[in-house]
């Protein structure tokens, strides 16, 4: 069974949004299948840190960062595209957004903070 699992941090980020917006964002996941990334690579960013692979999905004004698992998706963070947290990981460097993120240790610390809070 294909599941979408939110970490406590990403769940809190979603819960902070208005209910109607939560439903709009969650509706984006209804079309996802186990092979969605392979079938639609243009819709997803890819951020790597050694062996770790993190995907970025843009929906409306939000960026959803997740990892693929055998069971489905583990949502790590849900950030507004113009939020201070998201802005800190973006700059006007002449590289793609994903290349910039994967080289930024602060981005990985933000992602890892979700895991620490769920342990």
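Only the coordinates and a few stated rules stand behind these numbers; no lab work does. This structure is a prediction, so every number in the text was calculated from the model and none was measured. Quick reminder, even Gly has a Cβ in these numbers, built from the backbone with ideal geometry, and neighbours come from all protein chains shown.
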If the label point sits 7 Å along Cα→Cβ of residue 70, residues of segment 49-64 with amide N under 19 Å come out as 52-53
Here the gain from full extension of residue 82 to residue 53, 0.36 nm per residue of separation minus their alpha-carbon distance, amounts to 8.1 nm
Burial-style ranking of 59-66, 35-42, 102-109, average other-beta-carbon count within 10 Å with highest first, yields 59-66, 102-109, 35-42
With 0.36 nm assigned to each residue of separation and the Cα-Cα distance removed, residue 23 to residue 60 gains 12.1 nm
